[in-house]
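The values are calculated or read from the model by the stated rules, or taken from the named source; none is laboratory data. All figures in this text were calculated on a predicted structure; none of them were measured in a lab. Backbone-built Cβ (ideal geometry, glycine too); neighbour counts: all protein chains shown. The protein model used for the area step is the full one, side chains on, heavy atoms only, and it has no ligands, DNA or RNA in it. Shrake-Rupley method; radii C 1.70, N 1.55, O 1.52, S 1.80 Å.
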Amino acid sequence: MMGKKKNYTNDKRSLSIYWKIQNFSFGLENVRSPVFNVSSKECYLELNPKDTECKIVYLDVPNSKLPIPKISFVPCDGSKALSRSSLCLKASKDVIFGPKRSVFLPEDTLTVLCQFWNTHERGKVLIRSRIGVNRKCFLWTLRGFSKSRCYKKLYVENSHQYGDIQLNIKYMDEEISDEEFYIEISRIGGVKCYCCLKVSVLDVYGKAFNYIEDEFVFEKEDKQQFWKFSPVMSKTKLLASKNILLPNDTLSLKCEFVATLGTLSEETTVFSYYKDVTSFLKSSNEISTCFQEGVFSDSYTDLVSDLEIILDYAIISDVSLQVGSEIIKVHKVILSAESPIFDDIFKRKEICNIVVIEDLDADTLRGLLFYMYTDTIHDYQWENITNLYLAAVKYEVVSLKLKCSSFFKANLSLSKICDVLVLADSKLDADLISAVQGFISEHSSEVFTSNAWKELEKNHSTLAFQTLREICLNK
């Protein structure tokens, strides 16, 4: 049962270790957190993804002197957590991966909370880890599909770890009248890895049909291995709707291929000075991945993927943006709906089919467009978020501005606080300025003695004075 919503962030008496593991469902081996200290004792958290079991491991400490924490699997909506005061917590897979999956695994990310009381330490430690996943989303076009049997090959991976992986179009027995075809995945070399393939047929408008998903484990072998993927759609059905599904006698397959070793590829420890960790609990994409896939309804996921393909392949585009020497084909209706500035540009009578963008670089424009089509930020590096924030303000993409602002609030630190203050002041972002002032007020001694603040007083003396005045008035 879902219990009363609980605030996990306000207990100032404890040391709270928040550990988020991205791509949790792809874990094949035990994963460990970085080592941290509790009452001068070194320890770490270890998680078994297969059994959904988390335990704390102390280094060289007798069992009689172990601090016993409370370990919890935290839901993203603030409802009742799965908790136990012990050195180990194990949860049923039916709970984590069952009907409540979207609550315990938002964006396939598990949040573990480990709390210690009666220790020398207080506060919060935020740890992010990511299980390495190699994702590729692509469009596979098979031309001349109806004229003869279409034997096609496509290489999707060639590396030391994953081996040489290719997709092959194959046909069933020749006696089958509708010539049903399927995809065969073959691999040579590489270590043991888990693979998942998702395939659907795109119609002439870019809409997906017959979504098929399957998974397979390739063992570590020198010989060639084969994986027979489930049939996507019979040739007879495709030909019966050829005007919609086979425009210009071309079959378009939207493919999403995933390969993983099931081990950690990256981890970051963040010592947060910010009081509110709510955004940390709700969001999991602070660490950049090449393909973001939220845990939404199937229709929403398909829509986001379809819009991304429409952008990438310029399907039925009606205007182009030029940035430097690069031309990007886009759609007026999408840009107008997301940005009043673009809407005004397209409404001008003198507008031609190419709009020159002079106030953004190519990478920032691509990131802005990617968000406007998919509601997703592709790269959560600080510099990229800063550029997107400025672009969102300039083109009045309000939702993107709020997302970037939330990122800044969740990642305030002594080294970044003055930069964020200058940025927020330059764009008159009162909400972000208030968050920055709250951070400075709480950590005034550290901030006011830092070199960053001295530089702020030197280069932005009025802003430094106004900030000091506001903090004093609020106190």
For this session: Using per-residue counts of other Cβ atoms within 10 Å, averaged over each peptide, order 127-136, 438-447 from highest down.
Result: 127-136, 438-447
Seminar exercise, completed: Measure of exposure for Asp77: accessible area at 1.4 Å probe, Å² rounded to 10, is 60
Seminar exercise, completed: In order over region 239-254: 3J(HN,Hα) from phi, Karplus 6.51/-1.76/1.60, θ = phi - 60°, whole Hz, x for each Gly or Pro, gives 5, 5, 10, 5, 5, 9, 9, 10, x, 6, 6, 10, 8, 10, 10, 8
Seminar exercise, completed: Between Arg101 and Ser317, Cβ-based FRET efficiency (R0 30 Å, step 0.05) works out to 0.25
Seminar exercise, completed: Expected vector for region 389-402, Karplus 3J(HN,Hα) from phi with 6.51, -1.76, 1.60 and θ = phi - 60°, integer Hz, x for Gly and Pro, equals 4, 5, 5, 5, 5, 5, 9, 6, 8, 4, 5, 5, 4, 5
For this session: Determine the shape class of region 386-475: with a ≥ b ≥ c the square roots of the Cα gyration tensor eigenvalues, call it rounded for a/c under 1.5, and otherwise prolate if a/b is greater than b/c, oblate otherwise.
Result: prolate
Seminar exercise, completed: HN-Hα couplings for region 202-211 via Karplus (6.51, -1.76, 1.60; θ = phi - 60°), in whole Hz with x for Gly/Pro, come out as 9, 8, 5, 8, x, 8, 8, 10, 6, 5
Problem set entry | Highest average packing first - 90-97, 205-212, Cβ atoms within 10 Å | 205-212, 90-97
For this session: Assign one of three labels to region 17-152, namely rounded, prolate or oblate, based on the Cα gyration tensor with a ≥ b ≥ c the square roots of its eigenvalues; rounded applies when a/c is under 1.5, prolate when it is not and a/b is larger than b/c, and oblate otherwise.
Result: prolate
Exercise. By average Cβ neighbour count within 10 Å, what is the ranking of 379-386, 366-373 from highest down?
Worked result: 366-373, 379-386
Exercise. Modelled label-to-label distance, Arg469 and Lys220, 7 Å Cα→beta-carbon offset: nm?
Worked result: 6.7
For this session: Determine the relative contact order of region 27-140: mean sequence separation of Cα pairs under 8 Å and six or more apart, normalised by residue count, in whole percent.
Result: 22
Seminar exercise, completed: Amide H neighbours of Ser39 at under 5 Å, excluding residues fewer than 5 places away on the same chain, with H built from the backbone geometry, are His120, Glu121
